[in-house]
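Have a look at the structure below before the remarks.
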Amino acid sequence: MKFILASDHGGYELKQKIKEFLELNNYEYEDLGCNSENSSYAEYGKKLANKISTSKNSLGIGVCGTGLGISFAVNRVKGIRGARITSIEDAKLAKIHNNANILLFGGRQQSTSEVIEMIDTFLKNEFEGGRHNSRIEELDK
Ligand code: RB5
């Protein structure tokens, strides 16, 4: 499984910390940016969503200041289930019930350690399928 990352400037620092965690744990990743001080969550969110919607076996991680703007951007793309994660329970259910394919965080609101714990929780859980499959399919109809 490969991670695809993107952020605006408000999420840049947290994105760098997430990359350190991925490197330490030998996860494969690709960073789509940003690398500048003035960037748009709309631009990077759409880039991330377009990449995830055409990549197999990948999980997106998007960060802006709050996680809100970038979540609006990714969820406009067909096939994307972007979950703004603010608790361990969110992380668990975003996998078990929603099978999210992008996780969104707020770089100005969340600490690196809590975000890493949320990513870990998401990865440790399994999509339950069953009744949740038809709901997910309905999103893209
Ligand atoms: C950028 O300053 C900030 O507005 C953005 O990162 C995000 O928090 C918007 O939702």
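The values are calculated or read from the model by the stated rules, or taken from the named source; none is laboratory data. Just so it is clear, the model here is predicted, and its values are computed rather than measured. With ideal geometry, Cβ positions are generated from the backbone for all residues, glycine too; neighbour counts draw on all protein chains shown. Areas reflect the complete protein model, heavy atoms only, side chains present, ligands, DNA and RNA absent. Shrake-Rupley method; radii C 1.70, N 1.55, O 1.52, S 1.80 Å.
Being modelled with pLDDT of 95 or more, more than 22 Å from Lys2 (Cβ to Cβ) and among the acidic types (Asp, Glu) is true for just one of Glu114, Glu30. Which residue is that?
On the way: Glu30 fails: more than 22 Å from Lys2 (Cβ to Cβ).
Result of the check over Glu114, Glu30: Glu114.
Among the residues of the stretch 76-83, is any near the ligand (Cβ under 10 Å from one of its atoms) and under 20 Å from Glu114 (Cα atoms)? Write out each step before concluding.
Within the stretch 76-83, the first condition is being near the ligand (Cβ under 10 Å from one of its atoms), and the residues that meet it are none.
The answer is no, given that none of the residues of the stretch 76-83 is near the ligand (Cβ under 10 Å from one of its atoms) and under 20 Å from Glu114 (Cα atoms).
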The lone condition Ser55 fails out of (1) closer than 16 Å to Met118 by Cα; (2) small (Gly, Ala, Ser); (3) more than 15 Å from the ligand (Cβ to nearest atom); (4) in contact (Cβ under 8 Å) with a residue 24 or more places away in the chain is (1)
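This table checks each residue for (1) touching a helix residue (DSSP H, G or I) at 6+ places or on another chain (Cβ under 6 Å); (2) within 14 Å of the ligand (Cβ to nearest atom).
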site: Leu5; (1), (2): yes, no
site: Gly10; (1), (2): no, yes
site: Glu23; (1), (2): no, no
site: Tyr27; (1), (2): no, no
site: Cys34; (1), (2): yes, yes
site: Gly45; (1), (2): yes, yes
site: Ala49; (1), (2): yes, no
site: Gly69; (1), (2): yes, yes
Considering residues that are in a loop (DSSP other than H, G, I, E, B) and without any contact (Cβ under 8 Å) to a residue 24 or more places away in the chain, the number found within the stretch 98-117 is 2
With respect to Lys15, is the statement that it is open to solvent by 40 Å² or more (accessible area, probe 1.4 Å) and either under 10 Å from the mean Cα position of the chain (by Cα) or basic (Lys, Arg) (or both) true? no
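Select from the stretch 88-108 the residues that are open to solvent by 30 Å² or more (accessible area, probe 1.4 Å) and either away from the ligand (no atom under 16 Å from the Cβ) or in contact with a Ser or Thr (Cβ under 6 Å, 6 or more places away or on another chain) (or both) and list them in ascending order.
Going residue by residue through the stretch 88-108, those that are open to solvent by 30 Å² or more (accessible area, probe 1.4 Å) are 88-90, 92-93, 95, 97-99, 108.
Listed by number, the residues that qualify are Ile88, Glu89, Asp90, Lys92, Leu93, Lys95, His97, Asn98, Asn99.
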From the options Asn57, Asn26, Asn35, residue that is open to solvent by 20 Å² or more (accessible area, probe 1.4 Å), at negative phi and not small (Gly, Ala, Ser): Asn35
From Lys141, Lys95, Lys78, residue being modelled with pLDDT under 95 and either charged (D, E, K, R) or assigned to a loop (DSSP other than H, G, I, E, B) (or both): Lys141
